[in-house]
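Q: Pasting in a structure now, in structure tokens, and then I'll have a few things to ask.
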Amino acid sequence: MPLAVRFDEYGDIDVLTVVEVPRPVPGPDQVLVKVMAAGINPGEASIRKGLLHAMWPATFPSGEGSDLAGVVDEVGPGVTRFAVGDEVLGFVDTRSSHAELVLADVDHLVARPAAVPWEVAGSLFVVGTTAYAAVRAVNLTPGDTVVVSGAAGGVGSVVLQLAVNAGAVVVGLASEEHHPWLTGHGVIPVAYGDGVVGRVRAAADGRVDAFIDTFGGGYVEMAVDLGVAPDRIDTIIDRETAQKVGAKTDGSAAAANAEVLAELAALIADGRLEIPIARIYPLAEVRDAYRELERRHTLGKIVLQP
């Protein structure tokens with residue numbers, strides 16, 4: 001029987017288990033994917049803790065995970081786009097990708113380009129589509145200066161590259177250990193903490209046109225203090241403050257489709273986008289993977305490999 005991550009109640013990391021489950025059977029317009037890699041994301045930790053119950057309540061026993069990449073193992077009735085043995089990447093809306101075998105809707109999958117490694121393909125959807133939507137939301141044009149908080153995180157590291165590709169001057173807020181990576185990707189690094197507003201103004205030469213917040217904790221207010229117009233501020237976390245000041249909250253849902261996913265995968269294959277991989281864990285070590293994720297200091301993505 002295949003293995004899958006499950007939790008039976010809201011709680012901390014110790015509620016996560018890896019258990020045997022019945023082999024899924026694909027229905028119409030579904031495929032069964034043998035998972036080669038699946039990324040983990042902060043939103044999944046929040047769901048597990050019950051912090052998003054009002055928006056996305058869990059039904060127990062619950063699985064978890066959206067991102068995935070793997071090999072088609074079986075196809076359901078009516079599926080002609082993919083065949084057994086095809087290599088794919090994509091997503092599910094059923095909180096189930098942290099598993100050995102996963103059912104996915106055919107329109108949630110795209111072909112995996114050969115130049116995109118499994119661990120990258122399997123961790124692209126959430127961070128990629130969230131970053132895509134956030135960059136689109138602030139309407140960057142060549143020469144704009146944009147500040148990105150959490151610039152070395154899973155979403156932030158993609159945001160800054162898409163912003164550079166758009167011709168913007170990018171100021172990235174990150175811990176100093178990650179500054180060389182930011183500099184290597186055409187970003188002006190700035191350390192967060194006391195005095196950050198002054199450091200940002202200096203790095204931006206006094207002009208900030210847009211702000212993308214991927215971290216929360218007061219950065220929306222900071223963007224306003226820097227003189228950024230609310231319609232050019234986007235946060236993927238601090239919805240409450242965004243509502244107060246009129247900022248945007250575009251995230252993965254605003255770009256959650258296979259077309260965007262294929263576009264991002266093509267950028268990776270062409271060498272115009274990198275998804276940094278912090279660490280790969282076997283599925284059995286899912287608790288350790290989330291412990292590292294929830295410290296919020298990794299550069300890039302943490303990935304599960306069944």
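Q: Rounded to the nearest 500, what is the 222 nm mean residue ellipticity of the chain from helices alone, with -39500 (n - 2.57) per DSSP H run of 4+ residues and division by all residues?
A: Estimated from H runs of four or more residues: -7500 deg cm²/dmol.
Q: Now for a different question. Stokes-Einstein at 10 °C, 1.306 mPa s, Kirkwood radius from Cα pairs: D for the stretch 117-269 in µm² s⁻¹?
A: 105
Q: Could you check how much of the accessible area of the chain is carbon and sulfur, as a whole percent, using a 1.4 Å probe?
A: 52
Q: If you don't mind, there's one more thing I want to ask. Viscosity 1.002 mPa s, temperature 20 °C: Stokes-Einstein D of the stretch 201-280 from its Kirkwood Cα radius, in µm² per second?
A: 147
Q: Taking the C-alpha atoms of the stretch 7-113, how large are the radius of gyration and the largest Cα-Cα span, Dmax, in Å?
A: Considering the stretch 7-113 through its Cα atoms, Rg and Dmax are 14.3, 42 Å.
Q: What's the FRET efficiency of H53 with D205 using the Cβ-Cβ distance as r and R₀ = 45 Å, to the nearest 0.05?
A: That gives a FRET efficiency of 0.50.
Q: Place a +1 charge on the Cβ of each Lys and Arg in the chain and a -1 charge on the Cβ of each Asp and Glu, then give the dipole magnitude about the Cα centre in debye, rounded to the nearest 20.
A: 340
Q: Hey, rough spin-label estimate for K34 and H297, points 7 angstrom out along Cα→Cβ, what's it come to in nanometres?
A: 3.9
Q: Helix 154-165 against the longest principal axis of the chain: what's the angle in degrees, Cα atoms only, rounded to the nearest 10?
A: In the chain, helix 154-165 runs at an angle near 60 degrees to the longest axis.
Q: Over the chain, what relative contact order in percent results from Cα pairs under 8 Å that are six or more residues apart? Display every interim value, and only then the final one.
A: Values: 748 pairs, mean separation 60.3, N = 306.
Contact order relative to length: 20 percent.
Q: Measure nothing but the geometry: give the 0 to 90° angle between the long axis through the Cα atoms of 125-137 and the longest principal axis through the Cα atoms of the chain, rounded to 10°.
A: Orientation of helix 125-137: about 30 degrees from the principal axis.
Q: Toward the positive end of the charge dipole of the chain, about the Cα centre and with charges on Cβ (Lys, Arg +1; Asp, Glu -1), which of V197, G217, A152 goes farthest?
A: V197
Q: So how long is each side of the stretch 34-180 along the principal axes, counting just the alpha-carbon atoms, biggest first, in Å?
A: Sorted largest first, the three principal extents are 50, 37, 29 Å.
Q: How much net charge surrounds K301 when only other residues with a Cβ under 10 Å from its Cβ are counted (Lys, Arg +1; Asp, Glu -1)?
A: Net of charged neighbours comes to -1.
Q: What number comes out for accessible area per residue over the chain if the probe is 1.4 Å? Units Å², please.
A: So the chain comes to 42 Å² accessible per residue, rounded to a whole number.
Q: Once the Cα gyration tensor of the chain is diagonalised, what are the square roots of 5 times its eigenvalues, in whole Å and ordered largest first, as equivalent ellipsoid semi-axes? Let's see the in-between values first.
A: Working: eigenvalues 230, 85, 57 Å².
Equivalent ellipsoid of the chain: 34, 21, 17 Å, largest first.
Q: While we're on this one: May I ask you to work out the translational diffusion coefficient for the stretch 60-101 at 4 °C, viscosity 1.567 mPa s, via Stokes-Einstein with Rh from the Kirkwood sum over Cα pairs, reported in whole µm²/s?
A: Once the numbers are plugged in, D ends up at 114 µm²/s.
Q: In square angstrom, rounded to the nearest 10, how much accessible surface does E176 have for a 1.4 Å probe?
A: 130
The values are calculated or read from the model by the stated rules, or taken from the named source; none is laboratory data. Remember, it's a predicted structure, so these values are computed and weren't measured experimentally. All Cβ positions, even for glycine, are placed from backbone atoms using ideal geometry, and neighbour counts span all protein chains on display. Calculation scope for accessible area: heavy atoms of the full protein, side chains included, ligands and nucleic acids excluded. Shrake-Rupley method; radii C 1.70, N 1.55, O 1.52, S 1.80 Å.
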